[in-house]
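The values are calculated or read from the model by the stated rules, or taken from the named source; none is laboratory data. Predicted model only: the values in this text are computed from it and were never measured. Note that we place each Cβ from the backbone using ideal geometry, even for glycine, and neighbour counts take in every protein chain shown.
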Amino acid sequence: MGFVFALLYLATAYLGPATLFGPLAAYHIGIILAVIVLLVSLPSLQGSFIWKTPQSLALIGLALATFLSLLVTGWVGGAVQVLLDFIPNAFAYFLLCLHFNSMKKLRILVFMLLAVCLFVIANGYNDLRHQEGVTYGEDESPPEMPYLLPQRSDTGEWFYRIRGQDFINDPNDFAQLIVCEIPLVFLFWRPKRAFLNFILVIVPVSILLFGAYLTHSRGSVLALLAMTIVAARRKIGTVPSVLLAVGMFVGASALNYTGGRDISAESGAGRMDLWAAGLQLLESHPIFGVGFNRMADYAGLTAHNSVVVCAAELGLFGLFFWSFFLFPTVRDTLAIASSNKVTEPDPNFQEVSPFPGVIAKVQTFDKAEINRYGRLVLLSLTGFLVAGWFLSRAFIMTLFLLGGFAEVIFEMALRRGMISPRLPFQRVLASAGVMCIALVVLTYIVLRFGNLMR
């Protein structure tokens, strides 16, 4: 029951309550569903590994950071509101750890996210076809549509970018979701099953790539290139994989992937200037920042960089807890992806059922499978972080889903004696502190280098 409601909750978050429930969305069906999911999840807390993960404490700290970022200004109502805005996204991590505790359930989640992407791509492409041949004068602008966002290119011409609803209603958000979903679709890959792989993997991935093209997201281009390098270097080496990525970049440029917009460090509404503004806000508000979702109130626009926006809006306090979530997620993902850190399972392992007297079915997989799952999650996380370097997406649900995805697989390997335990909390705390400072320094160095190249 908890798994079904959790899946419905996540589908509603990505598609939007109005899409799934129509007129019922006016009755705050999203809030009602969240309450139901919370209640049915309480029994699953008993015996769960969720409180053994540093990410759980990190999310509590991040929730506190969002609240304090506005409370210190004296705006109590705003502090409560931003806390309520943050919790539904962070809730995704807990739901994954509590209810998606098998590879079958993880594949169902991947299939649901795939269905969301295909639904948006189909609707966006349908709207796009209706705009073919329609022209607008210099003083006219195309109307915004549910699945299309009109935008001008660098030459002043109108073009369209597909998008979803609710928190993926920005083409960049939707493109980031597509980028993260592409590696996960390969969970359905089966050796020596050519026809099944073609139907379940090749065709969906091709449609996802087409959808990413229709978003015309510059961040998604760089994310796909980074994923290509990480994925290909094991097979063909680092230099050939980089050359392959360069070739893909040339091909994307020839196909007008970005809709006629330039790809550069300074493109995209003066990105470098916004990064500088974000660091100035961090300097003037170093502890708790200027307030969750309030950077645009100070700088005119948000930062177009997840690290900068987190630091500027939540200060070092919030950036530390963001790093506290990210560091163990990356570390555990690298661990399950490494053939040196994963061994074969304990042959005497027995699955323990949470219900007395019930014999649990043992999930069987070997070292190679765990490594493959880990590499796919690593690719997905790579895509998210590279795209996030050029987008203000530090707190969205997709990041917390990937964190939960990594920890569920890590826990499967840990319970079977296939991998060393998680790092102690004290070590993660210290590493997160170093990572927090390193991210600020890295951003400053990139900014300085970018200014010298102007």
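Data for the structure
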item	result
Check on ARG163, touching a Ser or Thr at 6+ places or on another chain (Cβ under 8 Å) and either farther than 30 Å from THR302 by Cα or among the basic types (Lys, Arg) (or both)	yes
The stretch 321-338: number of residues that are closer than 23 Å to PHE91 by Cβ and buried (at least 21 other Cβ atoms within 10 Å of the Cβ)	11
Any chance LEU274 is in a helix (DSSP H, G or I), at pLDDT 85 or above and within 30 Å of GLY374 (Cβ to Cβ)	no
From the options ALA26, ALA11, residue that is in contact with a helix residue (DSSP H, G or I) (Cβ under 9 Å, 6 or more places away or on another chain) and surrounded by 15 or more Cβ atoms within 10 Å (Cβ to Cβ)	ALA11
Residues satisfying the stated conditions in the stretch 292-321, i.e. in a loop (DSSP other than H, G, I, E, B) and within 22 Å of the chain's Cα centre (by Cα)	PHE292, ASN293, ARG294, LEU301, THR302, ALA303, HIS304, ASN305
Subset of the stretch 214-230 [in contact with a helix residue (DSSP H, G or I) (Cβ under 8 Å, 6 or more places away or on another chain) and not aliphatic (A, V, I, L, M)]	THR215, HIS216, SER217, GLY219, SER220, THR228
Enumeration of residues in the stretch 147-162 that are among the charged types (D, E, K, R) and surrounded by 15 or more Cβ atoms within 10 Å (Cβ to Cβ)	ARG161
Criterion: within 17 Å of the chain's Cα centre (by Cα) and modelled with pLDDT under 95 - qualifying residue of VAL377, VAL386	VAL386
Residue satisfying condition, being modelled with pLDDT under 85 and at positive phi, within set ASN293, ASN256	ASN256
GLY47 within 22 Å of GLY2 (Cα to Cα), exposed (fewer than 13 other Cβ atoms within 10 Å of the Cβ) and of a type in the set (Gly, Ala, Ser)	yes
The stretch 359-381, subset more than 20 Å from PHE188 (Cβ to Cβ) and of a type outside the set (A, V, I, L, M), residue surrounded by the fewest Cβ atoms within 10 Å (Cβ to Cβ)	LYS361
Verdict on GLY403 being small (Gly, Ala, Ser) and closer than 24 Å to HIS99 by Cβ	yes
Of all residues making up the stretch 418-434, the number that are surrounded by fewer than 20 Cβ atoms within 10 Å (Cβ to Cβ) and part of a helix (DSSP H, G or I)	8
Which numbered condition LEU113 fails, given (1) under 19 Å from the mean Cα position of the chain (by Cα); (2) over 30 Å from ALA413 (Cβ atoms); (3) buried (at least 19 other Cβ atoms within 10 Å of the Cβ)	(2)
Those residues of the stretch 361-405 which are of a type in the set (Lys, Arg), touching a residue at least 12 places away in the same chain (Cβ under 8 Å) and closer than 30 Å to GLY417 by Cβ, in sequence order	LYS367, ARG375
Filtered residue count, the stretch 383-417, keeping only those that are of a type outside the set (D, E, K, R), buried (at least 22 other Cβ atoms within 10 Å of the Cβ) and closer than 14 Å to THR329 by Cα	13
Qualifying residue in the stretch 212-219 (condition: in a helix (DSSP H, G or I), at pLDDT 90 or above and surrounded by fewer than 20 Cβ atoms within 10 Å (Cβ to Cβ))	no
Matching residues in the stretch 1-27 - criterion: being within 15 Å of LEU39 (Cα to Cα), aliphatic (A, V, I, L, M) and in contact with a Ser or Thr (Cβ under 8 Å, 6 or more places away or on another chain)	ALA6
Checking GLU411 against (1) over 30 Å from MET272 (Cβ atoms); (2) at pLDDT 95 or above; (3) more than 15 Å from the chain's Cα centre (by Cα), the condition it does not meet	(2)
Selected residue (only one of SER206, SER220 is touching a residue at least 12 places away in the same chain (Cβ under 8 Å), farther than 26 Å from GLY22 by Cα and among the hydroxyl-bearing types (Ser, Thr, Tyr))	SER220
Any pair with Cβ under 8 angstrom, 6 or more apart, that starts in the stretch 410-426 at a residue that is in contact (Cβ under 8 Å) with a residue 60 or more places away in the chain and under 27 Å from GLY61 (Cβ atoms) and ends at one that is charged (D, E, K, R) and in a helix (DSSP H, G or I)	PHE410/ASP332; ARG422/LYS52; ARG422/ASP332; LEU423/ARG331
